[in-house]
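Scroll down for the structure; my scribbles are underneath it.
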Amino acid sequence: MVKVKLKFSKFLALLLVLCFTFFTVQVASSQQLPLHKNQFKTSAPETAKYKLASDLLPEIGIAARYDMHFDHLMGMLVGNGDDFQLYARFRKMFVREIGWKHFKDAYAARLEVDFSEDELKELLNLSKRPVMKKLLQSEFKAYSDTSKQRFKMGFDLWEKYQEGKIDLPSD
């Protein structure tokens with residue numbers, strides 16, 4: 001009976017997270033970034049700054065890492081902490097439904113607002129330097145290498161929380 005309740009609570013938690021995620025995607029896609037007084041009312045992809053920002057994101061690895069962050073969610077809510085084929089299938093679903101392609105324009109627009117054209121050029125040049133590329137690739141590899149451990153730890157954490165062995169921190 002306890003196992004059935006545990007499985008059902010996992011299912012409800014996953015359903016709740018998916019609902020919140022889809023709601024967030026809907027809200028984010030329906031909102032516009034505020035226009036600055038020196039910004040024309042053209043679509044973002046038409047500006048040189050937007051092009052620089054769009055080119056920068058894959059260079060620094062944000063595009064590749066974005067979809068990998070679903071691992072944390074799946075590690076807590078799906079399977080027994082060791083079903084990596086199931087996780088891979090769920091990641092593909094998350095990527096398809098709420099992945100990077102849905103947010104790349106928002107990320108580029110944020111960079112466009114926060115950085116000048118010269119700063120974006122400098123960042124793009126810096127991202128192409130061999131030692132910076134090596135650092136970014138190393139961080140990406142470390143994240144990938146620890147994926148299975150995160151799955152297992154996320155599942156174990158969720159189990160301990162559900163069993164009352166771990167409490168939420170106070171405000």
Checklist entry - Between LEU168 and PHE140, what length comes free when the chain is fully extended (0.36 nm per residue of separation minus the Cα-Cα distance, one decimal in nm)? => result 7.1 nm
Item to check | Loop trypsin sites (Lys or Arg not before Pro), the range 57-166 (other Cβ atoms within 10 Å of the site Cβ: 15 or fewer; DSSP) | outcome: LYS128, LYS165
Item to check | Potential extension, ASP105-MET132 segment - 0.36 nm per residue separation minus Cα distance | outcome: 7.3 nm
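Local charge sum around SER127 (other residues, Cβ-Cβ under 12 Å, Lys/Arg +1, Asp/Glu -1)?
Residues close to SER127 contribute a combined charge of +2.
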Item to check | Entries in LYS92/LYS134; LYS101/LYS133; LYS104/LYS141; LYS51/LYS134; LYS92/LYS148 that, when Cα-Cα distance is taken, lie over 20 Å | outcome: LYS92/LYS134; LYS101/LYS133; LYS104/LYS141; LYS51/LYS134
Next on the checklist: Out of the GluC sites (Glu not before Pro) in the range 78-171, which ones are loop residues according to DSSP with at most 15 other C-beta atoms within 10 Å?
Outcome noted: GLU163
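None of the figures in this text is laboratory data; all of them are computed from the coordinates on show. Source: prediction; values computed, not measured. Here Cβ is always computed from backbone atoms with ideal geometry, including for glycine, and neighbour counts include all displayed protein chains.
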